[in-house]
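First up is the structure itself, then whatever we jot down about it.
What follows draws every value from the coordinates through simple rules; no lab data is involved. This one's a predicted model, so the numbers in the text were calculated from it and none came from an experiment. Note that we place each Cβ from the backbone using ideal geometry, even for glycine, and neighbour counts take in every protein chain shown.
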Amino acid sequence: RDKGVTEWKYATCGYCSVGCSIEIGVNKEGTPVTTRGVGGADVNRGKLCIKGLTEAQIFQAAGRGAEPKIRNKTFEDWQITDWDTALDKTAAEFKRIQEKYGRDSVAVISTGQIMTEEFYTLGKLVRGVIGTNNYDGNTTLCMASAVSGYKRSFGSDGPPGCYEDFEHTDCLLAFGSNLCEQHPIIYWRLKEALEKRKFPVIVVDPRVTMFAQFADIHLPITPGTDLVLLNSLAHVILKEGLADQEYIERCCSGYEDFAAEVEKFDPTSAAKICGIDEDTIRHVARLYAKAGAAMSIWTMGINQSTHGSDGVCGINNLNLITGNIGKPGGTSLSITGQCNAMGTREWSSCSGLPGYRALENAEHREEIGKFWGVDPEFFPKKRGLFQTDIFPAIETGQIKALWVVATNPMTSMPNSARIRKTMEKLEFCVVQDSYEDVETAQYAHVYLPGSVWAEKKGCFTNTERRVNITTPVMAPYGNSKPDVWIFSQMAKRWEQGAKMSFPLDTADVFDEMKQLSKGDHRILDISGMSHELIEQKRGIQWPMREGDSEGTQRLYADGKFCYPDGKAKLMAMPWVDNNEVPDEDYPFWMNSGRVVEHFHTRTKTGKVGNCNKFSPTPYMEMNPDAAEELGIKHMSYVRLVSRRGDAVVMVQLTHRVAFNAVFIPFHFHDCVNRLSLGLLDPYSRQPAFKQCTVRIEHV
Ligand code: SF4
């Protein structure tokens, strides 16, 4: 249908981390009216999923925030105000609270949704000006285990592989990833590769997902036992002499401890725990180790677990002992969630200082202090609380003020009834979001309307370390402002911030980041990039050093890792069963996940006609045999009860889930997270969203 497009403008999709290149069609009034995928060598080869195809609808969707607002008490009526008043009030409240309760009594929770240049600016403001150490991003709910696992195995964060590895691999092992629905365009890339050349695809997932149906082998694992399976696969590989001993000796440390630990995981014992029969464990181990090149991908099934970080190390172990890191088709590749979850990991300073620098490292504090014009003594000497620890700290009164940037913890955090009570304890809360109806804004005293992604210019980094750019398609909606402007204006309200430079042009911010990324020893080097070059090449994979003509497809291709000895660490990881497991009172496993039509808490997709039409309401998948036993009918409503709370959902009967399991999409407010478990991974502090238990009651 002719939508009156007069111009197409280039952007990177603002939803997930696949990083699809899109063009947004605007009409003669300058209004975005449609989108289309960009072809050629772009990551998506011209394709888009339903979210990308309908993305033009989010610019002027219901609930867009047009003006800053303030109020004295939560749940009172909002008063529209001007930017100076809203920012003055925010800065004054932060200062008052810090003076009374200490610097760390203010917390900041950021996102994976804004531009990398904006993350960098926010980090500069929080670390260099406001000075609280309680600063984290919502990536703690999705990718923190991958970050932690990469650091433990390789000495640094950073996914080693790339999408092109599908074209070279001889075996693909996917853990807890429903690629077809979560990352549909990566699935297309895989399908294209399989059409050219056949290789086995093995999917590990408790549920018969679309991806599991597509696989050659589906391993319906018992929730929370991935590490048992991984250790057992390693056991078979070592036992049968299938490991790449030359690679292990040249590139890895920790072999003896690792080998001693996996020795305990013989397939016969492991099968009893993980629910995969011993012959299948042996078969998969042989298939993987004997493939010329083998790769592993994973998503939330691994990360959102009390063993998330260990699971990632287990995957890395598997690839290290088979020599499958840094070679075409041989890799570990975490499939990231948000469009710029990588950008926040790289530059936001949530976990440390920009450019993968650590607060614990005196040299790093010195470098950044000098560069920003901040006394290095001002920086804390170790990282503060993760997002999942910030809420308990609010509960105990340690934190009194909260700034929430483009995320929605009221819906996304586990045990949402407790989060609601926790938010009531805040003395002051500011929510910065493009949509004023985001649930967390109910608890805000100040609302700051940020522009949406393609109303501004800046970069995202996708799953495969590809930095791509978005150009502004229209002026910011109403009186909303780019986040970089909001952060820089906030900075000016502190004496220290007024002395520092906070550029408004994201190209200037990018130049600062480039300077900070330079150096032989830096893995995250973007000094060879510029906004112009990124747009011209439609994305560049870091590292790209000054003088390089191209980015880098794969990390660690030379077998050199980021630990001081240059070796990767094989991690010995005992399995400790600390999960909630089904019992007489709560006999069902509850799992949660994404549907293709929605993104996160539906702040955007909940406003898009087609996304809602195809996925209008929460539901629960239940096994028909289990339903028959309980007298539950298809499309009836039931009450689910966990140790945390309850929720009423509609039943869909399907053999996709096991007899003792149910599945619920996580996108809907006051639904699955009323039930979910807040137990955390000890390394990544990521919650075990996918491993809790429930009972089912008639309503
Ligand atoms: Fe956007 Fe992800 Fe869909 Fe691509 S796959 S169009 S990046 S939501």
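Computed values, structure above
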{"quantity": "Amide proton proximity set for residue 679, modelled H, under 5 Å, gap of 5+", "calculated": "688"}
{"quantity": "Beta bridge orientation in the range 588-698: antiparallel %, DSSP, nearest 5", "calculated": "60 percent"}
{"quantity": "Signed unit charges on C-beta, dipole axis of the chain, positive-most listed residue 336, 221, 441", "calculated": "441"}
{"quantity": "Count of Lys pairs (Cα-Cα under 28 Å; at least 8 positions apart or interchain) in the range 160-335", "calculated": "14"}
{"quantity": "Gap separating the Cα centres of the range 90-111 and the range 636-697, nearest whole Å", "calculated": "34 Å"}
{"quantity": "Sequence-distant lysines (8 or more away, or on other chains) whose Cα lies within less than 30 Å of residue 607", "calculated": "3, 9, 28, 47, 51, 69, 73, 421, 456, 457, 481, 690"}
{"quantity": "Separation in nanometres of the label points that stand 7 Å from Cα toward Cβ, at residue 75 and residue 217", "calculated": "5.6 nm"}
{"quantity": "Sorted by Cβ neighbour density within 10 Å, fewest at the top, the residues 464, 256", "calculated": "256, 464"}
{"quantity": "Ordering of 410-421, 620-631 by packing [mean C-beta count within 10 Å, highest first]", "calculated": "410-421, 620-631"}
{"quantity": "Packing rank of 691-699, 200-208, 317-325, where each peptide gets the mean count of other beta carbons within 10 Å, highest leading", "calculated": "317-325, 200-208, 691-699"}
{"quantity": "Cα-based reach from residue 100 at 17 Å (exclusive), listing lysines while leaving out same-chain residues under 8 positions away", "calculated": "89, 400, 425"}
{"quantity": "MRE, 222 nm, helices only [DSSP H, n ≥ 4, -39500 (n - 2.57), over the chain, to nearest 500]", "calculated": "-8500 deg cm²/dmol"}
{"quantity": "Sites residue 194 and residue 278 - FRET efficiency at Förster radius 35 Å, r taken between beta-carbons, to 0.05", "calculated": "0.80"}
{"quantity": "Under 17 Å from residue 492, Cα to Cα: aspartates and glutamates that are on another chain or at least 8 residues apart", "calculated": "82, 84, 88, 93, 118, 483, 505"}
{"quantity": "Peptides ranked, highest mean first, by Cβ atoms within 10 Å: ranges 89-102, 154-167, 527-540", "calculated": "154-167, 527-540, 89-102"}
{"quantity": "Model label zone, residue 520; criterion: amide N under 15 Å from point 7 Å along Cα-to-beta-carbon; scope the range 337-378", "calculated": "none"}
{"quantity": "The range 434-554, relative contact order [Cα under 8 Å, separation at least 6], %", "calculated": "21 percent"}
{"quantity": "Three-way shape label, the chain, alpha-carbon gyration tensor, a/c 1.5", "calculated": "rounded"}
{"quantity": "Check: the range 1-132 dipole with +1 on Lys, Arg Cβ and -1 on Asp, Glu Cβ, in debye", "calculated": "320 debye"}
